[in-house]
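Student: Starting off with a structure, shown below.
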């Protein structure tokens, strides 16, 4: 078995393109087959410098290693269509020799005239009705067209099922353009044949072109590979195909935002496929084991970024719980390069790096790995993405700006006067000050807080809220005793006293 992923290097790799790589990869690995990466770069007008490297980097990030293709090579090299010109010309000549192709010198103005004539008569435009009577010899600068043999076509799609189409959808399509480059319609068939591809997996939008492909297979005397049409990824509204305007970012942007490759692979694999169980979290090995063409759904799959982020949070916790905080921490200090959406469409993408080349806030730079791992250990279970660290951990690395409204406006604290709130903080400070620094740990801190509740008669939501806000001035912080343990005695007492003084003087 051989499958392939054949993207065009025309910009960012969209998540729909990524899924088109995942399914053939899973199938090839399940059957101990070969997964090929082929770069379809014949459209030089849309080619973007650096996009090929972005494709390769994204596949490597997801763990979708290819057996043949760029970098690794293979028996059917080269794997860039722009370097396979002689191969296409050889196959084009085969079609000429058997009477299945002809050189077409017709200029674009004349072709447009044919279109206009058909529109005026309200009949379908088919170029085969305007074939030149005496085509010249094919040579550089003249397009090569397929000479269609229109007839009913029947075929089987592994997802959609048995299909058929009439002769009215088959036409004299261009095989090789005037610039010598092949069209997709011709190049992919030649390449799949040369590379021994057994399963062609691509978007369902190619179904309408399949009759023309079948005619080409027949004319070239090639066996038709198994055809697998993948359902559309739909916009969140569910009424159209997902596009850039629907809020979905590129795979690279999700990566830069702190989405883990395990989560992205997991989510996209399940976006249009389900093994019939209630399982939602899959490792790559589990996906390989459970994947099957029969379980790819026929209808479109609605894109849900909320579900992706939920799944990412699950994977963050899984890595921390199963591999340890150090394993998760390693992910947080190696933020990927990201490429500007505004510059990739120009001559060359511009690499932009995260702060300190990590997902941590800039103020974390002076702190050592041990301290940051302590912070991560008490906050990881609240993260949706690694980039949340920038906003959720700042107060561990710099003193927060005192915002008394956060205290006085809190729903549990509104009923207290500022003097009462200040007294609560000072009582807490004096209580905690009695704990020797050598005994400053989570257990002793929790015991002291419990004693303070009894001594003050306050409810946990009241006492703990004012202390929590005074320490972080953030909408969220981990369990109070864990937060204080990481901050340390001196910083904890200093912040409690500063907030108390600010309340007293307000």
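Student: Compute the helix-to-body angle for 442-456: its Cα long axis versus the longest principal axis of the chain, expressed 0 to 90° and rounded to tens.
Tutor: Approximately 50 degrees, to the nearest 10.
Student: Right, next: If I take the Cα coordinates of the chain and project them onto the principal axes, what are the three extents in Å, biggest first?
Tutor: For the chain, the Cα extents along the three principal axes come out at 102, 48, 38 Å.
Student: Using a simple spin-label model with points 7 Å from Cα along the Cα→Cβ vector, what separation in nm is obtained for residue 245 and residue 274?
Tutor: Simple spin-label model gives 3.0 nm for this pair.
Student: Let me ask something else about it. Report, as a whole number in µm² per second, the diffusion coefficient that Stokes-Einstein gives for segment 60-197 at 25 °C and 0.890 mPa s using the Kirkwood radius over alpha carbon pairs.
Tutor: Translational diffusion coefficient: 140 µm²/s.
Student: Oh, and also: Give me the angle, in degrees from 0 to 90, between the Cα long axis of helix 305-323 and the longest principal axis of the Cα atoms of the chain, rounded to the nearest 10.
Tutor: 60
Student: Give the shape of segment 227-268 as rounded, prolate or oblate, defined through the alpha-carbon gyration tensor: a ≥ b ≥ c are the square roots of its eigenvalues, a/c under 1.5 means rounded, and otherwise the shape is prolate if a/b is larger than b/c and oblate if not.
Tutor: Since a/c reaches 1.5 but b/c is at least a/b, the shape of segment 227-268 is classed as oblate.
Student: Hey, can you rank 107-120, 493-506 by average C-beta count inside 10 Å, highest first?
Tutor: Ranking the peptides 107-120, 493-506 by packing returns 493-506, 107-120.
Student: For helix 184-195, what angle does its Cα long axis make with the longest principal axis of the chain, in degrees from 0 to 90 and rounded to 10?
Tutor: That works out to roughly 90 degrees.
Student: Summarise the long-distance tail of P(r) for segment 399-505 by giving the % of C-alpha pairs beyond 25 Å.
Tutor: Value for segment 399-505 (Cα pairs over 25 Å): 10 percent.
Student: Sort 408-415, 315-322, 22-29, 54-61 by the packing proxy (mean of other Cβ within 10 Å over each peptide's residues), most packed first.
Tutor: Ranked from most to least packed, the peptides come out as 22-29, 54-61, 315-322, 408-415.
Student: Now for a separate question. Regarding segment 139-191, what are the three Cα extents along the principal axes, ordered largest first, in Å?
Tutor: 40, 23, 11
Student: I've got another one for you. Can you give the FRET efficiency to the nearest 0.05 for residue 164 and residue 60, using r as the Cβ-Cβ distance and R₀ = 45 Å?
Tutor: With R0 = 45 Å, the Cβ-Cβ based efficiency is 0.65.
Just so you know, all these numbers are worked out from the coordinates, no wet-lab data involved. As the structure is a computational prediction, the values presented were derived from the model and not from experiment. Positions of Cβ are generated from backbone atoms using ideal geometry, with glycine treated the same way; all protein chains shown enter the neighbour counts.
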